[in-house]
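The values are calculated or read from the model by the stated rules, or taken from the named source; none is laboratory data. Just so it is clear, the structure is predicted and the values come from calculations on it, not from any experiment. Reconstructed Cβ throughout: ideal geometry from the backbone, glycine too, with neighbour counts over all protein chains shown.
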């Protein structure tokens, strides 16, 4: 879901950078010292999960796990994702530093949406409800991410309209896969380390 450098227009880049900077600021304000290890571990999981990607024009598709990060971290997902994306841009040239703000928003904002919708039911004792909420978080993270990526491309110019449509369509099966993986991860964490579900409290 990374958008490469040199693709987006200046207004889109600036808008993404401003929105992401605001998200990172709020996330850092909410990050207590004792939460740093958990955030670091989840950042690493996001970093590894999104390394294997398939190029689609100026963007790409891959597992993201942003829905899982969202329900676990809340607003702290913004600093988590921007660190991971910065390392990917520096080490592997995925995305880029000029598009870092937009790419951060594309992945972190859907994670935050997933948090506000599914974080509460994930903490319920009912395992079916927990699994269902995890699935919904995974689908939401990828679905909104694809829509935001498409919107960024369309906002740059109508020439990207077809690519934007392809990005949304290609991510439909990824939404299902991500939902299933997130659901299993949530159930696993609930059984072996339930306290991690309270990181963002």
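For the range 169-201, a residue qualifies if it is surrounded by 14 or more Cβ atoms within 10 Å (Cβ to Cβ) and closer than 23 Å to residue 7 by Cα, and the qualifying residues are 170, 171. Looking at this structure, is residue 157 in contact with a helix residue (DSSP H, G or I) (Cβ under 7 Å, 6 or more places away or on another chain) and either modelled with pLDDT of 90 or more or surrounded by fewer than 24 Cβ atoms within 10 Å (Cβ to Cβ) (or both)? Taking the combined requirement at face value, the residue does not satisfy it. Any residue at all in the range 69-89 that is surrounded by fewer than 24 Cβ atoms within 10 Å (Cβ to Cβ) and out of contact with any helix residue (DSSP H, G or I) (no Cβ under 9 Å at 6 or more places or on another chain)? No, that holds for no residue.
Among the residues of the range 169-198, how many are outside any helix (DSSP H, G or I) and more than 27 Å from residue 73 (Cβ to Cβ)? Here the count works out to 0.
Within the set 43, 61, the sole residue that is modelled with pLDDT under 90, in a helix (DSSP H, G or I) and in contact with a helix residue (DSSP H, G or I) (Cβ under 9 Å, 6 or more places away or on another chain) turns out to be 43.
When residues in the range 64-120 are screened for being in a helix (DSSP H, G or I) and on the phi > 0 side of the Ramachandran plot, 1 of them pass. In the range 74-92, which residues are in contact (Cβ under 8 Å) with a residue 60 or more places away in the chain and farther than 26 Å from residue 32 by Cβ? 88, the sole residue that qualifies.
Somewhere in the range 148-168, is a residue outside any helix (DSSP H, G or I) and without any contact (Cβ under 8 Å) to a residue 12 or more places away in the chain? Looking for residues that are outside any helix (DSSP H, G or I) and without any contact (Cβ under 8 Å) to a residue 12 or more places away in the chain, one finds none in the range 148-168, hence no.
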